[in-house]
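The values are calculated or read from the model by the stated rules, or taken from the named source; none is laboratory data. Model, not experiment: these values are computed from the prediction. So basically every Cβ, Gly included, is an ideal-geometry build from the backbone, and we count neighbours across all protein chains shown.
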Amino acid sequence: MHIAAITQPVSTVVDLLIRACNAFPAFEETISAQTCYEEFGGIGNTGPYYAQLFSKMSAATGDLQAFCAYYDACDLPDTIAIDESQYFSPKPSSANVAPDPSGENINVLHLSDWHLDPRYDIGSEANCSQYLCCRPYATNTDLDTDIEDPSIPASRFGYLYCDSPPDLALSSFASMPDFFNMSSVSFGIFTGDIVSHDNGDQLSRAYVEYEEKVTYETFKAEMRNVPVYPTLGNHDSFPEAYNTQNELDPSKNLSSNALSWNYDLLSSMWQTDGWVTASEANYAKTHYGAYAHTTAQGLRIISINTDFWYVDNIFNYWNFTNPDTSGILKFLADELSACEAAGQRAWIIGHVLSGYSGTNALPNPSALFYSIVRRFSPATIAGIFFGHTHEDQLQIFYDYLPDSTVAGKNSTSLRNTTLVDYSKPLQMGFVGPSITPLTGYNAGYQLYQVDAKTFSVTGIQTYFANVSDSLNWHTPVWDFEYDARETYDVNGTWPAGAPLNATFWDGVTYNMLRNHSLVERYNFLETKSSVVTKSCNTAACAEQKVCYIRSGSAALGRACPQSNGPS
């Protein structure tokens, strides 16, 4: 494919992709369109993107083997050691000390994975055999049912295997005054994914633009004077998950990026809504939607485009041994360095989490991210926030072992990011629950209590809608699900008002290993109390859950037991 891409017209590469896809069932199983033609040459039209990628690939940087591994046909190359000196100065001892709590709190709302479905069809088959359900064409092949006689008719308010109908999505905002005073919310964060989970041949640029415009107009109207700080999800682009590095264009003309239309659209809406400044919006336009903004309370929010470590962004397989081909992580490190110098605390918001099972992020960029988090924690980074999994999850970052540095070329010192000291927890990543109930989960959102000076999370309440009951609703029913401190401080020993920091959650993981009922509770709450949650009441399942929670990079997640999950 590389030879073809540098010697033949794009149309030839597209034709080769279609033929290869049709010839190999394992290849065809990876596509999101109905047919190979629709994926690469028809409505989906991803073939030209592949042609561009293949023309840039090099065996010298492991690109070909890595892309082969993407299709499970090769082993993934080893994770590189990180030359931290290219991104930040050595960690001073002062960076190891978090500021003391002030005793004053503000409220912050966390929304994630909206996935509004404009094509949701009330009364259609909600328990379908294909993807997506709750659509006019949905059928259950086992039961021989369809829209004329559905086994479970799609409720107006959603179902477990469908994306968010408008009435469910809007009801999340309508429910909030029942639980807290909206005027007490200082700001919100949205950790990405607006567009519905359609197959590639059912999407278009116009559809994505429509979804994004409607969603941010809704957020602005419903939140009123409360600012919302967003980040891009893997579904917030077209084609889905694709983000091309500016450097793929040899002219280095930033405005020529194939996805510039999307960055222009989103940043202009964020500026119009008053969430970012003109200079921040201008930066986001030419830097993949990334920005850094200081809130009215003094917190620096740094939003990064995590598609540049996401496994499904094919452009991450170019220059594979470079952990930061987009420059997003250098931007993050520079922003944190400036915060450190100014004594300012920061939040990092992104969509795709950097670790956990190891199937979401690629090893090299997530290794660099781990090094950045370790360098600026716990003094400067006050919290990290993701979405993507649709689950309510945790991710703990730790310090490195003393022998984690190795000698590199030219007398440089490199970091082996897999040598982690699990006795030294440093930082927390909070994975927000989704509004969409797709994949068998309920709908949910979270309210944080946040220290007004240090911006550490001191409390978390989760609210959910049990959509398995939606056929009985006259209006969506939202309930309080749980309080994190009450649920996980099982012995009541954590000081009142102390932040729910990495030390607290590290202690929770040890309790999980000793007390399987606690890990079973965590497993149930991950799904927002879904009735189809699989059990996790064995030592093996507890071991896997804890390993995932402690895995802040892809390499660490891949090292966890892969077959001990809920059953």
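Just to verify a result, which residue in the stretch 510-567, among those that are buried (at least 19 other Cβ atoms within 10 Å of the Cβ) and among the basic types (Lys, Arg), is farthest from Trp309 (Cα to Cα)?
Out of the qualifying residues, it is Lys528.
If you check Gly507, Gly492, Gly552, which single one turns out to be closer than 28 Å to Tyr400 by Cβ and assigned to a loop (DSSP other than H, G, I, E, B)?
Residue meeting the stated conditions: Gly552.
Residue by residue, here is whether (1) under 21 Å from Gly387 (Cα atoms); (2) among the basic types (Lys, Arg); (3) in contact with a Phe, Trp or Tyr (Cβ under 6 Å, 6 or more places away or on another chain) holds:
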| position | (1), (2), (3) |
| --- | --- |
| Gly459 | yes, no, no |
| Asp469 | no, no, no |
| Thr487 | no, no, no |
| Pro495 | no, no, no |
| Leu500 | yes, no, no |
| Met512 | no, no, no |
| Glu520 | no, no, no |
| Thr527 | yes, no, yes |
| Glu543 | no, no, no |
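Specify which of the listed residues (Leu111, Leu132) is within 30 Å of Gln461 (Cβ to Cβ) and crowded, with 19+ Cβ neighbours inside 10 Å.
From the options Leu111, Leu132, the qualifying one is Leu111.
Taking only pairs six or more apart or across chains, which ones have beta-carbon atoms under 6 Å, a first residue in the stretch 555-567 that is touching a residue at least 12 places away in the same chain (Cβ under 8 Å), and a second residue that is of a type in the set (Phe, Trp, Tyr) and in a helix (DSSP H, G or I)?
Cys560/Tyr548
Is it the case that Ser303 is hydroxyl-bearing (Ser, Thr, Tyr), buried (at least 23 other Cβ atoms within 10 Å of the Cβ), without any contact (Cβ under 8 Å) to a residue 40 or more places away in the chain and touching a Gly at 6+ places or on another chain (Cβ under 9 Å)?
Here the answer is no, as Ser303 does not meet what is asked.
Has the stretch 228-244 got any residue that is assigned by TED's automatic domain parsing to the domain that holds Ala452, assigned to a helix (DSSP H, G or I) and in contact (Cβ under 8 Å) with a residue 60 or more places away in the chain?
No, there is no match, as no residue in the stretch 228-244 is assigned by TED's automatic domain parsing to the domain that holds Ala452, assigned to a helix (DSSP H, G or I) and in contact (Cβ under 8 Å) with a residue 60 or more places away in the chain.
Please verify whether Arg119 is among the basic types (Lys, Arg) and more than 22 Å from Glu240 (Cβ to Cβ), treating the condition exactly as stated.
No; evaluated as a whole, the condition is false for this residue.
Across the stretch 339-398, what is the total count of residues that are free of Cβ contacts under 8 Å to residues at least 12 places away in the same chain and not hydrophobic (A, V, I, L, M, F, W, C)?
1
Name the residue that is surrounded by the fewest Cβ atoms within 10 Å (Cβ to Cβ), counting only residues in the stretch 381-404 that are in a loop (DSSP other than H, G, I, E, B) and not β-branched (Val, Ile, Thr).
That would be Leu401.
When the stretch 307-343 is examined, which residues are found to be part of a loop (DSSP other than H, G, I, E, B), touching a helix residue (DSSP H, G or I) at 6+ places or on another chain (Cβ under 8 Å) and closer than 28 Å to Leu109 by Cα?
Once the filter is applied, which keeps residues that are part of a loop (DSSP other than H, G, I, E, B), touching a helix residue (DSSP H, G or I) at 6+ places or on another chain (Cβ under 8 Å) and closer than 28 Å to Leu109 by Cα, the stretch 307-343 yields only Trp309.
Given the options Ile381, Ile372, name the one that is farther than 26 Å from Thr321 by Cβ, aliphatic (A, V, I, L, M) and either at pLDDT 95 or above or out of contact with any Leu (no Cβ under 8 Å at 6 or more places or on another chain) (or both).
Answer to the check: Ile381.
Any residue that is without any contact (Cβ under 8 Å) to a residue 24 or more places away in the chain, more than 27 Å from Tyr242 (Cα to Cα), out of contact with any Cys (no Cβ under 8 Å at 6 or more places or on another chain) and exposed (fewer than 13 other Cβ atoms within 10 Å of the Cβ) - is there at least one of those in the stretch 74-91?
Yes - at least one qualifying residue is present in the stretch 74-91.
Listed residues Ala60, Ala66; which is aliphatic (A, V, I, L, M) and either surrounded by 18 or more Cβ atoms within 10 Å (Cβ to Cβ) or in a loop (DSSP other than H, G, I, E, B) (or both)?
Ala66
Condition first: touching a residue at least 12 places away in the same chain (Cβ under 8 Å), of a type outside the set (A, V, I, L, M) and part of a helix (DSSP H, G or I). Now tell me which residues in the stretch 20-43 satisfy that.
Of everything in the stretch 20-43, those that are touching a residue at least 12 places away in the same chain (Cβ under 8 Å), of a type outside the set (A, V, I, L, M) and part of a helix (DSSP H, G or I) turn out to be Cys21, Asn22, Phe27, Cys36, Tyr37, Glu38, Glu39, Phe40.
The rows are residues; the columns are (1) over 22 Å from Val531 (Cβ atoms); (2) part of a loop (DSSP other than H, G, I, E, B).
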position	(1), (2)
Asp113	no, yes
Tyr120	no, yes
Asp142	no, yes
Leu168	no, no
Ser171	no, no
Ala174	yes, no
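In the stretch 69-104, which residue that is among the hydroxyl-bearing types (Ser, Thr, Tyr) and part of a loop (DSSP other than H, G, I, E, B) is farthest from Ala346 (Cα to Cα)?
Among those residues, the one meeting the criterion is Tyr71.
Could you please give the count of residues in the stretch 259-285 that are more than 29 Å from Gly343 (Cβ to Cβ) and either in contact (Cβ under 8 Å) with a residue 24 or more places away in the chain or among the aromatic types (Phe, Trp, Tyr) (or both)?
10
Quick check on my filter: what residues within the stretch 405-455 are in a loop (DSSP other than H, G, I, E, B), crowded, with 24+ Cβ neighbours inside 10 Å and at pLDDT 95 or above?
Thr417, Gly432, Pro433, Ser434, Ile435, Thr436, Pro437, Tyr441, Asn442, Phe455
Looking at the stretch 456-479 only, could you name the residues that are assigned to a strand (DSSP E or B) and in contact with an Asp or Glu (Cβ under 9 Å, 6 or more places away or on another chain)?
Of everything in the stretch 456-479, those that are assigned to a strand (DSSP E or B) and in contact with an Asp or Glu (Cβ under 9 Å, 6 or more places away or on another chain) turn out to be Val457, Thr458, Gly459, Ile460, Gln461, Thr462, Tyr463, Phe464, Ala465, Trp478.
Of all residues in the stretch 346-365, how many are crowded, with 22+ Cβ neighbours inside 10 Å, in contact with a Cys (Cβ under 8 Å, 6 or more places away or on another chain) and in a loop (DSSP other than H, G, I, E, B)?
Counting residues in the stretch 346-365 that are crowded, with 22+ Cβ neighbours inside 10 Å, in contact with a Cys (Cβ under 8 Å, 6 or more places away or on another chain) and in a loop (DSSP other than H, G, I, E, B) gives 1.
Across the stretch 288-306, which residue is nearest to Asp63 (Cα to Cα) among those that are in contact with a helix residue (DSSP H, G or I) (Cβ under 9 Å, 6 or more places away or on another chain) and of a type in the set (Val, Ile, Thr)?
Residue satisfying both the conditions and the ranking: Thr306.
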